[in-house]
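> Below is a structure I'd like to ask you about.
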Amino acid sequence: MTTETMVRMLRGMRLLLLLAVAAGCAAPRVQKSADPQARLVERAKEYWEARVRGDLIETYRFHEPNFRKKVTLTAFLQGRGVTTVLDYEIKGVKIEGIKGFVTMRIYFTINHPLLVKPVEPRWDEVEEQWRWVDGEWYRRFRFPVGDPYPESAGWDLPPAEAAGQPAPPQSPRQ
């Protein structure tokens, strides 16, 4: 390959890179809702859409920062995968200070190699717990058995920490 050919290839690659960057800048940005209740609904929908897609890496990012400090992505992925979420409905949302509660109906099935026959999909109602941290809602991980996630790890903050964590802005409706 000649030097002239390499220079042309580099120029072409530069042009492609510039076009890619320009296209990324021109892409429409999704505006986050300023209303805390609407934002909580947005975040819950994003989380459950990722669950329906089976995107466990994306769902991990929705969990509280304190949880992610204590549970690595690798550990999270190793403990997931038995429940397949097929669909969901958001039934209601409630906010109490820095805590958010989302009532859900989830359509799911359980897949496990030790099961003798498949489990029929079913609907179940659950209440999700979310927390306002640094200007965003994060999901509180719920352990199926026990709770090695101590309360002091960030859900019910000690008074000194809670004082430093501002509640979400009040929506005009409240």
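The values are calculated or read from the model by the stated rules, or taken from the named source; none is laboratory data. Being a predicted model, the structure only gives us computed values, none of them experimental. Because the Cβ atoms are built from the backbone with ideal geometry, glycine has one as well, and the counts that use them run over all protein chains shown.
> Report the residue count in segment 133-154 for those that are surrounded by 10 or more Cβ atoms within 10 Å (Cβ to Cβ) and either basic (Lys, Arg) or modelled with pLDDT under 65 (or both).
The qualifying residues number 10.
> On to the next question. Being within 16 Å of GLN129 (Cα to Cα), exposed (fewer than 15 other Cβ atoms within 10 Å of the Cβ) and basic (Lys, Arg) narrows it down to one of LYS99, LYS91, so name that one.
Unique residue meeting the criteria: LYS91.
Table: residues versus (1) closer than 17 Å to GLU46 by Cβ; (2) surrounded by 18 or more Cβ atoms within 10 Å (Cβ to Cβ); (3) touching a Leu at 6+ places or on another chain (Cβ under 8 Å); (4) not aliphatic (A, V, I, L, M).
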position	(1), (2), (3), (4)
TYR107	no, no, yes, yes
ASN111	no, no, no, yes
LYS117	no, no, no, yes
GLU120	no, no, no, yes
ARG131	yes, yes, no, yes
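> Turning to a different aspect of this structure: Only residues that are outside any helix (DSSP H, G or I) and closer than 22 Å to TYR107 by Cα: list them for segment 50-68, please.
The answer is GLY54, ASP55, PHE62, HIS63.
> Restricting attention to strands (runs of 3 or more DSSP E) lying wholly within segment 77-141, give those where 1 or more residues are farther than 15 Å from ALA50 by Cα, touching a residue at least 12 places away in the same chain (Cβ under 8 Å) and of a type in the set (Val, Ile, Thr).
Once the strands (runs of 3 or more DSSP E) in segment 77-141 are filtered for at least 1 residues that are farther than 15 Å from ALA50 by Cα, touching a residue at least 12 places away in the same chain (Cβ under 8 Å) and of a type in the set (Val, Ile, Thr), what remains is 83-96, 99-110, 122-133.
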